[in-house]
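Engineer: Here it is, the structure in full.
Rule-based calculations on the coordinates, nothing more; no lab input. Values in this document were obtained by computation on a predicted structure and should not be read as measured data. Every residue, glycine among them, receives a Cβ derived from its backbone with ideal geometry; neighbour counts consider all protein chains shown.
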Amino acid sequence: MRLIIDTDTAGDDVFSLMLALRRPGVTVDAITIAHGNVGFEQHAENALVTLEMCERSGVPVYLGAQRPFTREPLDAAYVFGADGMSDSDIPRAAQRPSPGHAADEIVRRVMEAPGEITLIAQAALTNIALAYLREPRIARAVKHLWIMGGTDNGVGNVTSAAEYNLYVDPEAAKIVINAGFAMSIVTWTETLRDGLLSLEQLAALDALGTPRAAFFTKVNRASLAFAQETQALDGSLHPDALTCAVALDERLILESEMAVVDVETVGELTRGYLSVSNHILPDIEVADPALRRRPPNARIIKRIDQQGFYNALRDALL
């Protein structure tokens, strides 16, 4: 399996990278950096540190979009710490980012190997949208696009309507979701269901006693504290790692549904909202003759094997 992972590396993005980098039979062709969780250059540094921790130095890391299409950047340092790594003061990696823009590298690599590269998007979709606008053929040339983002008729994590990755650049998300990619989406709604690692599971991971397990525990401290203090959860949430785990092994998917999805870009209260159809709804033209039926354009992941997800993460930390 060949991957390009587009990321705003902080907290759980790190663990998603570790899953892919440590998985036998998986080649991470490139890591592309988008604006998001913390400072832009820090995202790249965190990715490079993660490569070093996984003994995969040499995987190229490309800098991409430093801001959304229309708004000022918005970070989430309140969740992950100023460095995105729970303020762990981790030494600088020896490897440096590679020359070239992330969007150009996505286009080049996908078009050189059509049908071979799976793209995992675990940040705002700005880089993916830019790549598509530069070369629309990538929508058909990508083997599969996995998106961590949005909600499935649930509550967001920035506003009541919107999850962070879509909220910070809904214009980019709307472009990507309507571009024609073969696409699966793991939502914040699904993360709340199956992406929670309990305190017992976290303790068991720490007890592995490996350098990677110690790294995981150190980097996860801020996210765990936020989940406990703000979200009243007995554990920490792992949306990006959950998305990567099912992309690597679809046997972990217990339930999914093809749906018509789109993104709200202008609503005062719903900007960044992911609209997801549901099989219980009437045909749209029956409910309102003025509306037009659209074919399903994404697979929404509804339920995931949580124990299988935990096992995959454990194996990555050995």
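Engineer: Could you estimate the translational diffusion coefficient of region 175-229 from the Stokes-Einstein equation, with Rh from the Kirkwood formula over C-alpha pairs, at 37 °C and 0.692 mPa s, in whole µm²/s?
Structural biologist: 239
Engineer: What spacing in nm lies between the two simple spin-label points modelled at Glu112 and Tyr78, each 7 Å away from Cα in the Cβ direction?
Structural biologist: My value for the distance between the label points is 4.2 nm.
Engineer: Over the chain, what is the mean sequence separation of C-alpha contacts under 8 Å (at least six apart), divided by residue count, expressed as relative contact order in percent?
Structural biologist: It comes to 19 percent, rounded to a whole number.
Engineer: Quick one: give the max-minus-min coordinate of the C-alpha atoms of region 135-289 along each principal axis, largest first, in Å.
Structural biologist: Largest first, region 135-289 extends 59, 36, 30 Å along its Cα principal axes.
Engineer: Once amide H atoms are placed 1.01 Å from N in the peptide plane, what residues at a sequence separation of 5 or more from Ser236, or on another chain, have their amide H within under 5 Å of its amide H?
Structural biologist: Residues meeting the amide H criterion: Leu197.
Engineer: Looking at the chain only, what percent of DSSP beta bridges run antiparallel? Nearest 5 please.
Structural biologist: The answer is about 30 percent antiparallel.
Engineer: Per 5 Å bin, what is the whole-percent P(r) computed from every C-alpha pair distance within region 82-147?
Structural biologist: Whole-percent P(r) values from 0 Å outward: 3, 16, 22, 19, 13, 11, 9, 6, 1.
Engineer: Now, a different point. For Asn311 paired with Arg293, estimate the spin-label separation in nm (one decimal), with each label point 7 Å from Cα along the Cα-to-Cβ line.
Structural biologist: Here the modelled spin labels are 4.1 nm apart.
Engineer: On to the next question. Under 5 Å between amide H atoms, partner at least 5 residues away or on a different chain: which partners does Lys302 have, H built in plane at 1.01 Å?
Structural biologist: Glu255, Ser256, Glu257
Engineer: Another question about this same structure. With charges only on Cβ, +1 for K and R and -1 for D and E, what is the dipole size of the chain about its Cα centre, in debye, rounded to 20?
Structural biologist: 780
Engineer: Rounded to whole Hz and in sequence order, give me ³J(HN,Hα) for region 295-304 from the Karplus expression 6.51 cos²θ - 1.76 cosθ + 1.60, θ = phi - 60°, writing x for Gly and Pro.
Structural biologist: My calculation for region 295-304 gives x, x, 10, 7, 9, 9, 7, 9, 8, 10 Hz in order.
Engineer: What lysines does Lys302 reach when the alpha-carbon gap must be under 16 Å and sequence neighbours fewer than 8 apart in one chain are set aside?
Structural biologist: Straight-distance partners of Lys302: none at all.
Engineer: Using unit Cβ charges (K, R positive; D, E negative) and no other charged atoms, how large, in debye to the nearest 20, is the dipole of region 183-240 about its Cα centre? Don't skip to the answer; put the middle values down first.
Structural biologist: Numbers: 4 positive and 7 negative charges, 44 e Å.
In debye, rounded to 20, region 183-240 gives about 220.
Engineer: Separate question: Can you pull the semi-axes for the chain, root of five times each eigenvalue of the Cα gyration tensor, sorted largest first, whole Å? Walk me through the numbers before you get to the answer.
Structural biologist: On the way: eigenvalues 166, 102, 70 Å².
Those come to 29, 23, 19 Å.
Engineer: Charges on Cβ only, +1 for Lys and Arg, -1 for Asp and Glu, centred on the Cα centroid of the chain; of Ala44, Leu119, Met85, which one is farthest towards the dipole's positive end?
Structural biologist: Value computed over the given set: Leu119.
Engineer: For an R0 of 41 angstrom, estimate the FRET efficiency from the Cβ-Cβ distance between Ser98 and Ser160 and round to the nearest 0.05.
Structural biologist: Taking R0 as 41 Å, the efficiency between Ser98 and Ser160 is 0.55.
Engineer: From the backbone phi of region 208-219, what are the Karplus-calculated ³J(HN,Hα) couplings (6.51 cos²θ - 1.76 cosθ + 1.60, θ = phi - 60°) in whole Hz, Gly and Pro given as x?
Structural biologist: In residue order, the calculated couplings are 4, x, 8, x, 5, 5, 5, 4, 4, 4, 5, 5 Hz.
Engineer: Something else: Scan region 43-92 for trypsin sites (Lys or Arg not before Pro) in coil per DSSP, keeping those whose Cβ has at most 10 other Cβ atoms within 10 Å, and list them by number.
Structural biologist: Those satisfying the criteria are Arg92.
Engineer: Hey, can you grab everything whose amide H is under 5 Å from the amide H of Met183? Only 5+ residues off in sequence or another chain; H modelled, so Pro and N-termini drop out.
Structural biologist: Correct list: Leu145, Arg299.
Engineer: Hand me the GluC sites (Glu not before Pro) from region 1-82 located in a DSSP loop with no more than 12 other Cβ atoms within 10 Å, in residue order please.
Structural biologist: Passing sites in region 1-82 are Glu55.
Engineer: May I ask you to evaluate 6.51 cos²θ - 1.76 cosθ + 1.60, the Karplus curve with θ = phi - 60°, for each residue of region 170-176 and list the ³J(HN,Hα) values in order in whole Hz, giving x for glycine and proline?
Structural biologist: x, 4, 5, 4, 5, 4, 5
Engineer: Follow-up question, since we're still on this one. Dimensions of region 129-214 along principal axes (Cα, Å, largest first)?
Structural biologist: Principal axes ranked by extent give 47, 32, 19 Å for the Cα atoms.
Engineer: Please work out the C-alpha center-to-center distance from region 126-160 to region 171-207 and express it in whole Å.
Structural biologist: Cα centroid to Cα centroid, the span is 13 Å.
Engineer: I need the calculated FRET efficiency for the pair Val266 and Arg67, taking r as the beta carbon distance and R₀ as 22 Å, to the nearest 0.05.
Structural biologist: In this case the efficiency is close to 0.70.
Engineer: Right, another one. Considering all projection directions equally, how large on average is the shadow of the alpha-carbon convex hull of region 217-318, in square nanometres?
Structural biologist: If I average the Cα hull's projected area over directions, I get 9.5 nm².
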